[in-house]
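The values are calculated or read from the model by the stated rules, or taken from the named source; none is laboratory data. As the structure is a prediction and not an experimental result, all values here were calculated from the model. With ideal geometry, Cβ positions are generated from the backbone for all residues, glycine too; neighbour counts draw on all protein chains shown.
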Amino acid sequence: MAPTTFSPVLPPELEREIFEATVYMYPEIVPSLLLVCHRVHDWIIRIRYNTVAPSGLQHTFPFHVLRQLVLSKSKPASFFRDRVHHLFIPHGNSLETRDILFSCSAVQNIAIMLRAAPSVFSDLPDFQPRRLSIRLVPLLYHVNLCRSTFALVTHLHVLDFIPLDSGPHMHTWFSFLSLLPSLTHLAVIIATRVAADIFASCANLQVLIHLENSWGPFPPEETERTFVDDERFVYMVVDWDYPNDWVTGTKGGMNFWARADRFIAMKRRGEIKPASRCWIEDTDGV
């Protein structure tokens, strides 16, 4: 009798890891991989929609395709709820955005680039992201409509310019911050002159980032630095492509949040000289 031969069998966990890595490295062959077998099909479908972003970004599912799928109602809302964990909405209107948020209600990390109306966030009890990038001005005076949206937010990136050191938004802004119980990281376009007030409003704040345009002063002017003396404060110039930086963060890479965390850790270890420096330099290796 001829000896019996066996095909090698990989442990399911290793097999799944291989196929998932292949999807990220060679997305063009995904249609072929979907035909391998049922279990591989299920694995790929689950991770294929994990990160949704503008077209052209590696290891992501195109936003315009997701938008078409959601608006066509060709799949149940549970399909996207169980699969989409990171969502970048580059454009659209408030009505479409609400439909997308309703379908992708379990997202943990989301960037909404359009100026969405407060009504978009009403009656979405399951939509409670941890990381949120958003244009906040339209929402400041309608906190009750979107309170649940912000309940679990730890990282808040405010995309619009708010003149925090004066003007009608100042009191409303600090009141809003005091209603964010989970907030540990905050990035705003201007923060130096009100940094102390922001820290006072946010009991759990670990990182406050002042975002400066690439054509702005760097390092910050001495007169600006006198307003803040706190190791949790970071002055950062926006010299990166934001969608790419956002995707980097979804993969656990060194996005602007991670850079700020590392810089503050270096300050606490005494590695930043002088100790009063609140901005990152190339020599820091961050």
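So is residue 60 closer than 20 Å to residue 107 by Cβ, within 26 Å of the chain's Cα centre (by Cα) and not acidic (Asp, Glu) or not?
Criteria met by residue 60.
Please specify each residue of region 202-227 satisfying the condition of being buried (at least 17 other Cβ atoms within 10 Å of the Cβ), modelled with pLDDT of 80 or more and not acidic (Asp, Glu).
202, 205, 207, 208, 209, 210, 211
Can you go through 52, 70 and tell me which one is β-branched (Val, Ile, Thr), under 26 Å from residue 138 (Cβ atoms) and part of a strand (DSSP E or B)? Of the residues listed, the single one that is β-branched (Val, Ile, Thr), under 26 Å from residue 138 (Cβ atoms) and part of a strand (DSSP E or B) is 52. Listed conditions (1) over 16 Å from the mean Cα position of the chain (by Cα); (2) assigned to a loop (DSSP other than H, G, I, E, B) are all met by residue 84, apart from (1). Which of the residues that make up region 201-244 are under 22 Å from residue 113 (Cβ atoms), more than 17 Å from the chain's Cα centre (by Cα) and among the β-branched types (Val, Ile, Thr)? Matches in region 201-244: 237 only. Is one or more of the residues making up region 130-152 part of a strand (DSSP E or B), touching a strand residue (DSSP E or B) at 6+ places or on another chain (Cβ under 7 Å) and over 25 Å from residue 181 (Cβ atoms)? No: region 130-152 contains no residue that is part of a strand (DSSP E or B), touching a strand residue (DSSP E or B) at 6+ places or on another chain (Cβ under 7 Å) and over 25 Å from residue 181 (Cβ atoms).
Contact annotation: residue pairs with Cβ atoms under 7 Å, 6 or more positions apart or on different chains, pairing a residue in region 121-138 that is in contact (Cβ under 8 Å) with a residue 24 or more places away in the chain with a partner that is among the hydroxyl-bearing types (Ser, Thr, Tyr) and not in a loop (DSSP other than H, G, I, E, B), are 121/149; 124/149; 127/149; 128/148; 128/149. Residue 175 fails exactly one of the following numbered conditions: (1) within 23 Å of residue 90 (Cβ to Cβ); (2) part of a helix (DSSP H, G or I). What is the number of that condition? Every listed condition holds for residue 175 apart from (1).
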